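Asker: Before I ask anything, here is the structure I am working with.
Here, each number is a calculation from the coordinates, and none is a lab measurement. This one's a predicted model, so the numbers in the text were calculated from it and none came from an experiment. Every residue, glycine among them, receives a Cβ derived from its backbone with ideal geometry; neighbour counts consider all protein chains shown.
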Amino acid sequence: GGRGMGFDLDGLRSAVALHGRVVRVVIAEVRGSSPREVGAAMLVWEGGQSGTIGGGFLEHEAARVAREGRTGVSRHALGPDLGQCCGGSVTLVSETWDAARVAALSGEVVARAVAGDGTEPLAVRRLLAARARWC
């Protein structure tokens, strides 16, 4: 643990190098209780995945959707209907990455507001503030 909001660029880079196209699924928002915190992410590719967004049906479903090539923002209720007992809902953001896109990052830390109401997790806000000072 202890990685917090970290965007694991090295992990992403090596997954893309190995598998070509990789979908990164990240928890963008949590309402109520959820198995994982905002910023938890997993990588999904044809035939495999790494990382976790909490396991169970949510993770299974997110991986299936990612493999079908459907990306973007999706909201999932964590009701008993999903076999998740904790209640609440989770917003996921899925993005496709390939070698060109990873290369375009050129080692920058990726921190940006993804969806909705513009409230960023504290860690992201701190990063952006720190980055503004470096410029």
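Asker: Using alpha-carbon pairs under 8 Å, 6+ residues apart, how would you state the relative contact order of the stretch 1-66 in percent?
Answerer: Contact order relative to length: 27 percent.
Asker: Once you place label points 7 Å from the Cα toward the Cβ at Thr52 and Asp10, how far apart are they in nm?
Answerer: 2.2 nm
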